[in-house]
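Below you'll find the structure, written out as structure tokens, and then a few comments.
What follows draws every value from the coordinates through simple rules; no lab data is involved. What you see is a predicted model; the values in this text were computed from it and never measured. For neighbour counting, all protein chains shown are included, and Cβ atoms are generated from backbone atoms with ideal geometry for every residue, glycine included.
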Amino acid sequence: MSQNMREGSITSDRIKVTTRHGNSFKDKLYLPAIYDGVKVTFKHLFKNLNNINEIDTMRYPEEQPQDISSRYRGLHRLTHRADDSIACVACFMCSTACPAKCIFIEATTREDGKDEKMPASFFIDTLECVFCGYCVEACPCDAIRMDTGIFALTGNKREDFVMNKEQLLSYKGAFGEECSCARD
Amino acid sequence: MSEMIDIIVDSQTYKVENGSLLIDLLIREKIKVPYFCYHESLGADGNCRMCMVEIEGQKRPQIACDTLVKPGMEIRSTGANIEKVRTNILELELINHPVDCPICDQAGECSLQDFYMDYGLHNTKVTIAQKVKHNKHIDLGSNVMLDQERCVLCARCTRFTDQITHTHELGIIGRGDEARVSTMPGRKLDNPYAMNVVDLCPVGALTSKDFRFTQRVWFLKTANSVCHGCAKGCNIYIDHNIMKYKDDVIYRFRPRRNDAVNGFFMCDEGRLSYKELQENRLISPLLNGEEIDEKEAIVKAKNLIEKCKNEITIIIDANLYTEEIEAILAFAKELGARVCSPKEIYMDESFQDDLLRCANRAANAQTIERLGIDTNEPNPSNLIINFNHPQDFKATSLISFLTHNRPCSGLSLPIAAYSENEGTLTNIDGITQKCEKAVYKNKPIPTILEYLQKVRA
Ligand code: SF4
Ligand code: SF4
Ligand code: SF4
Ligand code: SF4
Ligand code: FES
């Protein structure tokens, strides 16, 4: 197949032939190249040893990042209304927008006189999620946010990563603004 | 029939019957015009003012739904002028509208949403501190929920109960801001066609209690089919969906327009028959109530047929597709079997009315008649093979091909329901119609045609 394409569909004036490198005796020895590489490594080693507090990497997990901003897309949460009830109205906008199709909602009638509809169940499979934030953008009720500041999830089995409604409601926002701004 | 005349719409000439409604021409020719209150089954009411067009020689825009065409008429359906008029009317409509779209079941198939995207997108000139409040989620009866705030007062629902069912349950009460749809105090919406008002309502004011909150409409896939509730064969849409990691499920039936059969409507019983269709299905072969393997079941069936040759009676359900009935007849001929389809069980005089519902509850009864199949009770015989006939039969041996689980002695084999299969039906008036395959199950149940092949092999 690729042979055919080379001969048939691409004319010779469109092919750029580059000469292959690494044919000289020095290249074939490999040692000069290894020496060059090791030189860079040691240069950094000595530089860092002299200046241990300026190193760019972090000793995670003992040391935690301090620069997570409110725009950081961490784990999702479901927001509350002023009376602490769920803000989500199960409109399915988030699950419609979700490119990973990892939001699973079942809607039911809401009986407490606020709106008419709410989720009976609400699951986000964070293993399928690509943390794009489209769900947050799509929500007309400010009911879903990714402002928990949680960036590391751990679990022993796959099911541990599927967040249910209660879990999502229990997470707190890391940057103030507890309640939904769009539902009262 | 009156004469045909030429009229011009947007610089194009159309042939149209003199004195017919202008809006009918626009709808027929798919010329975009927004409208709430007009409906081809209910006629013009002229109350929503959405359908404005410009007519050459007339000072002001006119409503297309109540304008009769005259020779030499020149209409403009587009242009800055008319679009401004439409935006203004829409703006009035939206002053008190709750814009409930996130919790409104109509979202996605709502005329108000569509028109807003086409002609709205305006900054409103009217700002009020508090929109007028009305009652929301009123249970009108017959599975219909009313939200008075979302209503655009088009009166389609009230005209339906006045003109089509003649039951007059719905009316518009109050004036101005106070105007709202309601039933008489203490009365319910109660007629066998009530749920059609849900389809008629152009907005989310009337929604189906049965479908409510189960799915957003943009997830649904649609297939054309025919209702199997009675021999009328109303044309329907089957709306179904496969949720991720789940199986294909039907969420609702909707009537599909066919002027020769059902017009725009269907009865509520037919509309809700999708539930029965999916509940209590037979999914694995049974021998005297015990589950057995499909291969084993087919061997058993073959042996029984071999043993009882020439003493077999085959019974056919009059709801099967014509193709299936014909294949069963051919099979019966090979075996030298008698064939019948007892008719008594399908007859239900109480179901009949003069709108759509008919007393014969078998969707393909006409084909049974056309093919000359005996409609009397079967004579006693050694082996009865029942193809989904609803009656219970007694015989020395029994093989039943069933869509639904029911207590049955002998061998029972599961077959695909009509939604999982395609074919044709002939209705009571002799009109033959095609049903598409709608539902694709994760584990498909074999069709009758597939079984016949297996049993023959
Ligand atoms: S962040 Fe993106 S992938 Fe994850 S749930 Fe939201 S929309 Fe889906
Ligand atoms: S989280 Fe927001 S977008 Fe998702 S269903 Fe709830 S209200 Fe709708
Ligand atoms: S009727 Fe239409 S515009 Fe009004 S809330 Fe429902 S979907 Fe939205
Ligand atoms: S309830 Fe629906 S159909 Fe009836 S008047 Fe209101 S908008 Fe029209
Ligand atoms: S459709 Fe013409 S006024 Fe309503």
Legend entry - Karplus-derived HN-Hα couplings along the stretch B:200-213 (A = 6.51, B = -1.76, C = 1.60, θ = phi - 60°), whole Hz, x at Gly and Pro: 5, 4, x, 10, x, 6, 10, 10, 8, 5, 6, 8, 2, 6
Inset, instruction - Enumerate the aspartates and glutamates that B:Lys232 could reach by cross-link, defined here as Cα to Cα under 12 Å, with residues fewer than 8 away along the same chain left out. - result: B:Asp353, B:Asp354, B:Asp429
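With N residues in the stretch A:99-165, what two-decimal value do you get for its Cα radius of gyration over 2.2 N^0.38 Å? Kindly include the intermediate steps, with their values, before the conclusion.
Working: Rg = 13.5 Å, N = 67, 2.2 N^0.38 = 10.9 Å.
Compactness ratio reported: 1.24.
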Legend entry - For the stretch B:384-457 versus the stretch A:111-184, the gap between their alpha-carbon centres in whole angstrom: 46 Å
Inset, instruction - For helix B:80-94, report the angle its Cα long axis makes with the longest principal axis of the Cα atoms of chain B; keep it between 0 and 90° and round to the nearest 10°. - result: 70 degrees
Legend entry - B:Lys125 versus B:Arg257: modelled label distance in nm, points set 7 Å from Cα along the beta carbon direction: 3.5 nm
Legend entry - Near-label residues of the stretch B:319-335 by backbone N, under 15 Å of a point 7 Å along Cα→Cβ of B:Asn310: B:334-335
Inset, instruction - Take every Cα-Cα pair in the stretch B:155-203 and report what % of them are more than 16 Å apart. - result: 36 percent
Inset, instruction - Could you please tell me the mean projected area of the C-alpha convex hull for the stretch A:13-52, averaged over all directions and given in square nanometres to one decimal? - result: 4.9 nm²
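In percent, how large is the relative contact order of chain B, given Cα pairs closer than 8 Å and 6 or more residues apart?
Working: 878 pairs, mean separation 51.0, N = 457.
Rounded, it is 11 percent for chain B.
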Legend entry - Overall dimensions of the stretch A:48-184 as given by Cα atoms, namely Rg and Dmax in Å: 17.4, 67
Inset, instruction - Taking the Cα centre of the protein assembly as shown as origin, work out the dipole magnitude from +1 charges on Lys and Arg Cβ and -1 charges on Asp and Glu Cβ, in debye rounded to 20. - result: 1780 debye
Inset, instruction - Answer with one residue from B:Gln62, B:Leu22, B:Leu449: the one whose Cα lies farthest towards the positive end of the charge dipole of the protein assembly as shown, charges on Cβ with Lys, Arg +1 and Asp, Glu -1. - result: B:Leu449
Inset, instruction - Mind pulling the angle between the C-alpha long axis of helix A:31-50 and the longest principal axis of chain A? Nearest 10 degrees, somewhere in 0 to 90. - result: 50 degrees
Legend entry - Förster radius 25 Å - calculated FRET efficiency between B:Lys443 and A:Tyr134 (Cβ-Cβ, nearest 0.05): 0.15
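Partner chain Cβ atoms within 10 Å, averaged over the residues of A:93-99 - can you pull that number for me?
Numbers: counts 4, 0, 4, 4, 0, 0, 0.
So the per-residue partner count for this stretch is 2.
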Legend entry - chain B - charge dipole about Cα centre, Lys and Arg +1 at Cβ, Asp and Glu -1, debye rounded to 20: 840 debye
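Where does each of B:125-136, B:71-82, B:231-242 land if you order them by average Cβ count within 10 Å, highest first? Don't skip to the answer; put the middle values down first.
Values: B:125-136: 11.1, B:71-82: 14.7, B:231-242: 22.3.
The most tightly packed comes first, giving B:231-242, B:71-82, B:125-136.
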Legend entry - Computed over the protein assembly as shown, Cα set: Rg, Dmax in Å: 33.5, 104
Inset, instruction - Tell me what chain B gives for mean residue ellipticity at 222 nm when only DSSP H runs of n ≥ 4 count, each as -39,500 (n - 2.57), the sum divided by the residue total, rounded to 500 deg cm²/dmol. - result: -5500 deg cm²/dmol
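Taking only C-alpha pairs under 8 Å that are 6+ residues apart, what is the relative contact order of the stretch B:219-339 in percent? Show your work: numbers first, answer last.
Details: 145 pairs, mean separation 17.9, N = 121.
Relative CO of the stretch B:219-339 lands at 15 percent.
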Legend entry - Peptide B:100-108 - average C-beta neighbours from other chains (10 Å radius): 5
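Using 1/(1 + (r/R0)^6) with R0 = 56 angstrom and r between the beta carbons of B:Lys454 and B:Asn135, what's the FRET efficiency to the nearest 0.05?
Values: r = 58 Å, r/R0 = 1.04.
Here the calculated transfer efficiency is 0.45.
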Legend entry - Ascending count of other beta-carbon atoms within 10 Å, so fewest first, for B:His122, B:His39: B:His122, B:His39
Legend entry - Of A:Ile52, A:Ile103, A:Ile15, the one that fluctuates the most in a GNM where chain A has Cα springs shorter than 10 Å: A:Ile15
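If the limit is 29 Å between Cα atoms, which of B:Lys343/B:Lys434; B:Lys30/B:Lys131; B:Lys309/B:Lys454; A:Lys101/B:Lys209; B:Lys32/B:Lys188 go over it? List each step's numbers first, then the result.
Working: B:Lys343/B:Lys434 23 Å; B:Lys30/B:Lys131 36 Å; B:Lys309/B:Lys454 18 Å; A:Lys101/B:Lys209 27 Å; B:Lys32/B:Lys188 37 Å.
Over 29 Å apart, Cα to Cα: B:Lys30/B:Lys131; B:Lys32/B:Lys188.
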Legend entry - Between helix B:322-335 and chain B: long-axis angle, C-alpha atoms, 0 to 90°, nearest 10: 10 degrees
Inset, instruction - For B:Val99 paired with A:Asp13, estimate the spin-label separation in nm (one decimal), with each label point 7 Å from Cα along the Cα-to-Cβ line. - result: 6.0 nm
Legend entry - Averaged over B:239-251, number of beta-carbon atoms from partner chains that fall within 10 Å: 1
Inset, instruction - Note the count of lysine pairs whose C-alpha atoms are less than 30 angstrom apart in the stretch A:13-52, limited to pairs 8 or more residues apart or on different chains. - result: 8
Legend entry - Reachable lysines, given that their alpha-carbon falls under 21 Å from the alpha-carbon of B:Lys125 and they are not under 8 places away in the same chain: B:Lys84, B:Lys133
